[in-house]
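> Dumping the structure here so I can ask a few things about it.
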Amino acid sequence: MSKILIIEDENLIRESIAEYLELEGYECIQARSGEEGVQLAKEKLPDLIISDIKMPGINGHEVLQELRSFEKTSHIPFIFLSALVDKKNLREGMLLGADDYITKPFQPDELLAVVKVRLDKYKEVQKKMEVLKDNVSYSLPHELKTPLVAILGYSEILIDKFRDSADTEALEFSQAIYSAGMRLNRLIQQFIIYEKLSFMTDHPDTIEKTPVTEVTGSLQKTMSEKISEKYNRTNDLVLEISDGKVKLPITLYERILEELLDNAFKFSEAGSKVLVKTYTENNYYIISVLDEGRGMTEDQITNIGAYRQFDRDKYEQQGIGLGLVITKKITELYNGSFEIVSTPGEGTRVQVKLLSG
C-alpha cells in the first residue's frame, strides 16, 4: 500500500483529498502546516507528497526546498496543489524539483490520475535503480578482483627480484604498485562487506546466528600492531586490552577492530597517541578507540554516511567513508551500541558495546 502525505492548512480540502485517496486503497498521512509536513515527511518517509503552496508559516516552496536538501526525502515525488498557476509560481516550483501541479478546484478523477502516474513512474525508477545497484554491487567488485590478483602477484615478484639489486628505482616502483594494489583491495573488501551488511539489514532472517566467541588479547594485540605498522606509527599505539567474549562471528569482530583503528590512524597525525581499550562490563564487551586527531563536529557525527568523507577540500585522505558505517551496521545488527564523542581540534573516541556471554 502506497503511503501519501497531504500538506494542506484548509481542513475540508485536506480531509477530502485523504478520503478520495483512501477509497482507492492508499494510506494517507495529514499535515495541517508546512512545519508539520516537513516533520512527518522525515519521520514517515511517504511514497508521495501532495502540498499546498500558499500556507501560513512555511509555504509549499519552502517545504519542497527543505525536503530536497534532506537525503532520505530528496527523491520522494512531490505534487503541488494550488490555485496559484501563474508562470512565476510554476517555474519556481519546477526549479525546486516539483514533479507535478494540480490546480484548485479539481475533480477527484484528475487527482487520482496524477497520483497514479507519479507513483508508477517513481516505482519504475526505483526498480531500475535496484537492478543497477545489484549489478554494481555483485558484479563489479568481483570483476575488479580478477586483474587485481595479477597486479599484486606480479608486483610481489618484482619486489623480490629487485630487493637485493642495485636498481633501487625499480624496487621503489614495484613497491608503489603493490601498495596501490593493496589499497584498492581494501576498498573492494569494504564495498563488498557494506553491501552484504545492507542486505542483512533489509533481510534480518539472513543474519548469521553464532554462539559466544572468544576474543583473546593476543589476537587484538597482533591486529592492532599490524595496522599501526601500516601507518609507520608503532610508537603511537597504546594498548589496554583484555580477553573477552562476544555474540557475533569472530570475522566481524576483527572487522570492527580493524575499521576503528584504521580510522583513528588515518585521521590523526604521526606522533599523537591512539589508545585502544577493551574490557567487559555489565554483560557487554566494550571496545574503545581514542585518537588525538582533528575531531568532528556534532553535525558531522550526525551525518556520517556511506561514501561520505568530510573536509576533502582541506585534507588529503584515502578511503570512501565506509569504515565507521560498517562498524555501526555490524554493531546494530548484533544488538550492540555505537557511540562517538569528539571535539574538533582535540580528538575522537569511538566506543562499541557488544553483547558478551
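Nothing in this text is a laboratory measurement; each read-out follows from the coordinates by a stated rule. Being a predicted model, the structure only gives us computed values, none of them experimental. No Cβ is skipped: glycine too gets one built from the backbone with ideal geometry, and neighbour counts run over all protein chains shown.
> Add +1 for every Lys or Arg and -1 for every Asp or Glu among the other residues with Cβ under 12 Å from the Cβ of Val352, and state the total. Let's see the in-between values first.
Numbers: positive: Arg255, Lys277, Lys328, Lys329, Arg349, Lys353; negative: Glu259, Glu332, Glu339.
Cβ neighbours under 12 Å give a net charge of +3.
> Related question: So for segment 213-355, averaging the separation of alpha carbon pairs under 8 Å that are six or more residues apart and normalising by length, what relative contact order in percent results? List each step's numbers first, then the result.
Working: 262 pairs, mean separation 35.4, N = 143.
Value for segment 213-355: 25 percent.
> If I fit a long axis through the Cα atoms of helix 140-162 and take the longest principal axis of the Cα atoms of the chain, what angle between them do I get, 0 to 90°, rounded to 10?
Long axis of 140-162 versus the principal axis of the chain: about 20 degrees.
> Helix 87-96 versus the longest principal axis of the chain: what is the Cα-based angle in degrees, 0 to 90, to the nearest 10?
The angle comes out at about 20 degrees.
> Counting other beta carbons within 10 Å of each residue's own, what order do Ile188, Ile326 fall into, fewest first?
Values: Ile188 16, Ile326 20.
Ordered from fewest to most neighbouring Cβ atoms within 10 Å, Ile188, Ile326 come out as Ile188, Ile326.
> Among Glu254, Glu346, what is the fewest-to-most ranking by other Cβ atoms within 10 Å?
Values: Glu254 14, Glu346 11.
Fewest-to-most Cβ neighbours within 10 Å comes out as Glu346, Glu254.
> Top mean-square fluctuation among Gln189, Gln220, Gln107, Gaussian network model of the chain, C-alpha springs under 10 Å?
Sorting by GNM fluctuation, first place goes to Gln107.
> So for the chain, averaging the separation of alpha carbon pairs under 8 Å that are six or more residues apart and normalising by length, what relative contact order in percent results?
Values: 539 pairs, mean separation 36.5, N = 357.
Relative contact order here is 10 percent.
> What angle do you read, to the nearest 10 degrees and between 0 and 90, between the alpha-carbon axis of helix 108-138 and the longest principal axis of the chain?
Between helix and principal axis, roughly 10 degrees.
> Also: Just Leu111, Leu23, Leu257 to compare: in a GNM of the chain, with alpha carbon springs under 10 Å, which one fluctuates most?
Maximum among the listed residues: Leu23.
> Given charges of +1 on the Cβ of Lys and Arg and -1 on the Cβ of Asp and Glu, with all other atoms neutral, how large is the dipole of the chain about its Cα centre, in debye to the nearest 20? Don't skip to the answer; put the middle values down first.
On the way: 44 positive and 59 negative charges, 98 e Å.
In debye, rounded to 20, the chain gives about 480.
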